[in-house]
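The values are calculated or read from the model by the stated rules, or taken from the named source; none is laboratory data. Every value quoted in this text rests on a predicted model; they were computed, and no experiment measured them. Here the Cβ positions follow ideal geometry from the backbone for every residue, glycine too, while neighbour counts run over all protein chains shown. When the accessible area is computed, the model is the full protein with side chains, heavy atoms only, and any ligands, DNA or RNA have been set aside. Shrake-Rupley method; radii C 1.70, N 1.55, O 1.52, S 1.80 Å.
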Amino acid sequence: VPVPDLFRIFGINAFTTYDRKEIHVDEYLYTNLEHSYRFTLAHELGHIILHGYVFELTKIRSIGDWKQFIKDIEESEYRRLEFQANNFGGAFLVPSEVLEENFNREITNFKDEMKKVIRSGIKRSDYIQYFIDLISSNLVPVFEVDQQVIRIRIERRGLEQKVSF
């Protein structure tokens, strides 16, 4: 359900109703930011699948109900729920096996450039982020998500260890 100014006014991209039948999403995100919209839906799907028990207790029907839920929940518990939903969304949209396959292909494509950088004596800590950003940027069209989602998945899978020759 598109909601005008949801992010601008309340600082959230979306929320799911207690019955898990509706995802209310910022209208601008919905109409203009396809990659972010895809992740937002996957994130909310994560809440629906992983946190069904929470939705049954909250009775969230509106943004007002959501705001009250945020006031009532312990901050550490809220962060845990969000962390889990983010991880679910990332894994759902950027599956490990497909990520690793594409990551390996990109490393092969940049092998010569990586060797030059390494031979130049630059410390790994100074070049690793450059190559991770380059690879994750090239994978945006593959997964149709924001580069940040891919970068986080690369880090969580420990794939940055493969960037060395």
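For the reader, a short list of remarks on this structure follows.
- For the range 43-54, taking the residues that are modelled with pLDDT of 85 or more and of a type in the set (A, V, I, L, M), the one that is most open to solvent (accessible area, probe 1.4 Å) is identified as 49.
- Top-ranked residue in the range 10-42 [being polar (S, T, N, Q) and closer than 17 Å to residue 83 by Cβ; ranked as surrounded by the most Cβ atoms within 10 Å (Cβ to Cβ)]: 16
- The condition of being more than 30 Å from residue 3 (Cβ to Cβ) and not acidic (Asp, Glu) holds for only one of 110, 55, 143, that being 110.
- Subset tally (residues that are modelled with pLDDT under 85, part of a helix (DSSP H, G or I) and open to solvent by 30 Å² or more (accessible area, probe 1.4 Å)) for the range 123-133: 3
Yes/no per residue for (1) out of contact with any Asp or Glu (no Cβ under 8 Å at 6 or more places or on another chain); (2) charged (D, E, K, R):
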| site | (1), (2) |
| --- | --- |
| 29 | yes, no |
| 33 | yes, no |
| 39 | no, no |
| 67 | yes, yes |
| 91 | yes, no |
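- Some residue of the range 9-27 being in contact with a Phe, Trp or Tyr (Cβ under 7 Å, 6 or more places away or on another chain) and assigned to a helix (DSSP H, G or I): no
- Enumerated helices (runs of 4 or more DSSP H) restricted to the range 37-122, each holding at least 2 residues that are of a type in the set (Phe, Trp, Tyr): 52-58, 63-72, 75-93
- Some residue of the range 55-73 being closer than 23 Å to residue 153 by Cβ, surrounded by 14 or more Cβ atoms within 10 Å (Cβ to Cβ) and touching a residue at least 12 places away in the same chain (Cβ under 8 Å): no
- Count - residues of the range 74-97 that are closer than 18 Å to residue 154 by Cβ and without any contact (Cβ under 8 Å) to a residue 24 or more places away in the chain: 3
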